[in-house]
Number of protein chains: 2
Amino acid sequence: MTLPRRGRPGHDLDAVLAAAVTLFNARGYDATSMDDVARSLGITKSSVYHHVRGKQELLRTAIGHALDGLDDAMTQVRGLADATALERLETLVRLSVLVLTSRLPYVTLLLRVRGNSAVELDALQRRRAFDHEVTALVKAAQAEGSIRPDVDPATAARLLFGMVNSLVEWYSPDRGNAGELATTVTALAFDGLRPRSP
Amino acid sequence: MTLPRRGRPGHDLDAVLAAAVTLFNARGYDATSMDDVARSLGITKSSVYHHVRGKQELLRTAIGHALDGLDDAMTQVRGLADATALERLETLVRLSVLVLTSRLPYVTLLLRVRGNSAVELDALQRRRAFDHEVTALVKAAQAEGSIRPDVDPATAARLLFGMVNSLVEWYSPDRGNAGELATTVTALAFDGLRPRSP
DNA sequence: GTCTATATCCTGATAGAC
DNA sequence: GTCTATCAGGATATAGAC
């Protein structure tokens, strides 16, 4: 994402973005001023405006990065033509966990957006499209008989990704391997907390 | 919660609180000004200050109501002396879903708090205490053999309540009975999405 | 790329009349 | 219980020098 910085002082857009996202996540977007962002970089507010058009652009860029990751995961899953719906859904859960963990600050920010501006409304719309596709996968897996038929597909989809998305509330890279976590999440989602008798 | 309003104009604290919480949830606490709250009630900002000492007090009262509900649920579960750890955990999940749905706006607000002030830090501390107790329950259920031993108790507890708490992102009272939803959540959490062979 | 200085507006909160 | 008027501080954003 970042081109190698060639020597010397000063920051680039990626540095400003990273600093902003960190603060947005820690204190909230609205509670973070451009001056906070500037001071966290050791520069002045005006200097920040040299790199970025405005506060909203920081938000738009950051949540766009998160949405692109999730869309990529969905695109990969769509490509699994020979797989069952259950396998596709399991793969989507696993890939989503990996996106959440690898782009943690960006996805964290995305999941806190409330639709307060055009930028945020766009993000919510893209999230809704993702959710609808998850619901369709659940429905298809039910038709296969590989997911219990006694739950509403939309509800199951929401609870499933509610669990997945809740990772952003506590996960940190040093708190364990992302691949193992993806396995745990998938196991709990599809097989439950109770032991399965083999 | 509200005494029957005896005739005529003017609002009371509960009305101001309800209006504030609605806006806090829709746009975020920081993005909501006291003037927004006032205008949504059809009065001026100064009139709001007649009912409430300040913006923080609105937040404190609202999230206190949510925390009290969750603490009550935990207290009930602690009282089940004859129950297994699994039964206690299942009961806690069910009661938590009922608290989330019955106090939806307050719990929604609580779950979005980031620790930006003394009020918010207090709330986070009470949430942490709740989480620790859930982890202890999971551990006890594992010791009984009623929860799979291959997952870290703290991780399982977080994912479990991540799923439960995600309700606030989409539930609305007219979207189905809360008791049924609690049953669905419990079934998915403990038995998973896959069908169980009886 | 960063700075100082400034414009403009909105914020939470208070005083005091009706 | 609501109003008008007001305050001090902080917000986003811009202009222009270095």
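The values are calculated or read from the model by the stated rules, or taken from the named source; none is laboratory data. Keep in mind that what you see is a predicted model, and the values were worked out from it rather than measured. Cβ: placed from backbone, ideal geometry, glycine included. Neighbour counts: every protein chain shown.
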Practice task
Please work out if B:THR32 is more than 24 Å from B:LYS139 (Cα to Cα), surrounded by fewer than 18 Cβ atoms within 10 Å (Cβ to Cβ) and β-branched (Val, Ile, Thr).
Solution key: no
Handout entry: Condition met for A:LEU89 (within 14 Å of another protein chain (Cβ to nearest Cβ), more than 16 Å from DNA strand D (Cβ to nearest atom) and touching a residue at least 12 places away in the same chain (Cβ under 8 Å))
Key = yes
Practice task
Please determine, by comparing only the residues of the range B:21-38 that are among the hydrophobic types (A, V, I, L, M, F, W, C) and closer than 18 Å to B:ARG103 by Cα, which one is nearest to the other protein chains (Cβ to nearest Cβ).
Solution key: B:ALA26
Problem - So B:LEU110, is it more than 8 Å from chain A (Cβ to nearest Cβ) and surrounded by 19 or more Cβ atoms within 10 Å (Cβ to Cβ) - result: yes
Exercise for the section: Look at A:THR91 and say whether it is hydroxyl-bearing (Ser, Thr, Tyr) and under 24 Å from the mean Cα position of the chain (by Cα). Expected result: yes
Handout entry: Total residues in the range B:50-69, condition away from chain A (no Cβ under 14 Å), of a type outside the set (A, V, I, L, M, F, W, C) and more than 7 Å from DNA strand D (Cβ to nearest atom)
Key = 9
Handout entry: Evaluation of B:ALA141 against (1) within 12 Å of chain A (Cβ to nearest Cβ); (2) within 12 Å of the chain's Cα centre (by Cα); (3) under 30 Å from A:SER197 (Cβ atoms); (4) not hydroxyl-bearing (Ser, Thr, Tyr) (one fails), failing number
Key = (2)
Problem - Test: residue in the range B:105-117 that is in a helix (DSSP H, G or I), over 30 Å from B:ARG27 (Cβ atoms) and outside the structural domain of B:ALA26 (by TED's automatic domain parsing) - result: no
Practice task
Within the range A:36-54, identify whether any single residue is surrounded by 15 or more Cβ atoms within 10 Å (Cβ to Cβ), in a loop (DSSP other than H, G, I, E, B) and of a type outside the set (Asp, Glu), and answer yes or no.
Solution key: yes
Completion exercise
Residue pairs within 6 Å by beta carbon, gap of at least six or interchain, first lying in the range A:178-196 and in contact (Cβ under 8 Å) with a residue 60 or more places away in the chain, second part of a helix (DSSP H, G or I) and of a type in the set (D, E, K, R), listed first then second, are A:ALA182/A:ARG94; A:THR186/A:GLU90; A:THR186/A:ARG94
Practice task
Within the range B:155-179, count every residue that is outside any loop (DSSP other than H, G, I, E, B) and more than 9 Å from chain A (Cβ to nearest Cβ).
Solution key: 4
Exercise for the section: Run A:ARG128 past the list (1) in a helix (DSSP H, G or I); (2) away from chain B (no Cβ under 11 Å); (3) free of Cβ contacts under 8 Å to residues at least 60 places away in the same chain; (4) surrounded by fewer than 15 Cβ atoms within 10 Å (Cβ to Cβ) and report the number of the one that doesn't hold. Expected result: (2)
Problem - In the range B:13-35, the residues that are of a type in the set (A, V, I, L, M, F, W, C) and either part of a helix (DSSP H, G or I) or within 15 Å of B:LEU111 (Cα to Cα) (or both) - result: B:LEU13, B:ALA15, B:VAL16, B:LEU17, B:ALA18, B:ALA19, B:ALA20, B:VAL21, B:LEU23, B:PHE24, B:ALA26, B:MET34
Practice task
Report yes if some residue within the range B:159-172 is modelled with pLDDT of 95 or more, touching a Ser or Thr at 6+ places or on another chain (Cβ under 6 Å) and either over 21 Å from A:VAL164 (Cβ atoms) or not assigned by TED's automatic domain parsing to the domain that holds B:THR108 (or both); otherwise report no.
Solution key: no
